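Here's the structure we're looking at; comments come further down.
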């Protein structure tokens, strides 16, 4: 494969990274993670103003022997998650929601039943750690002189 990825019907063709929960970092793509469902939170309804659509979402605490992380399940996928079931999450990604890491399947990710995990380390919740958020683009153009900076006068 070349240095760039090609699009396939399942999304960009890239090799995933097998990781443990404690190794998750913000804004990482192509993650392969095996985790057990620890806790199911309430299903809530959200409205997408851009597309004028309504969706259901459930925050699910999943984990392995290194820690736990929040995962957001959407719409019809919610029904397949049960406490105690183990899944392999492939082509997943991490996002920051209110400065906290969450695992997301995005458009191309999948989750399937997997061989059971015996131990989950609930003491290390990586979703409780706050992270800095950075703007990807600054549409204001080149930065002008700061009017409060006395050295630039």
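For region 15-115, max minus min Cα coordinate along each principal axis, in Å, sorted largest first?
38, 27, 24
Return 44, 49 ranked ascending by Cβ neighbour count within 10 Å, so the fewest neighbours appear first.
Exposure proxy ranking, most exposed first: 49, 44.
Taking the beta-carbon count within 10 Å as an exposure proxy, list 64, 77, 118 from fewest neighbours to most.
The fewest-first ordering by Cβ neighbours comes to 118, 77, 64.
Taking other Cβ within 10 Å of each residue's Cβ, how do 19, 43, 120 sort, fewest first?
43, 19, 120
Readers should treat all values here as calculations from the given coordinates under stated rules, not as data from a laboratory. Predicted model, so just to flag it, every value in this text is computed and none were measured. Positions of Cβ are generated from backbone atoms using ideal geometry, with glycine treated the same way; all protein chains shown enter the neighbour counts.
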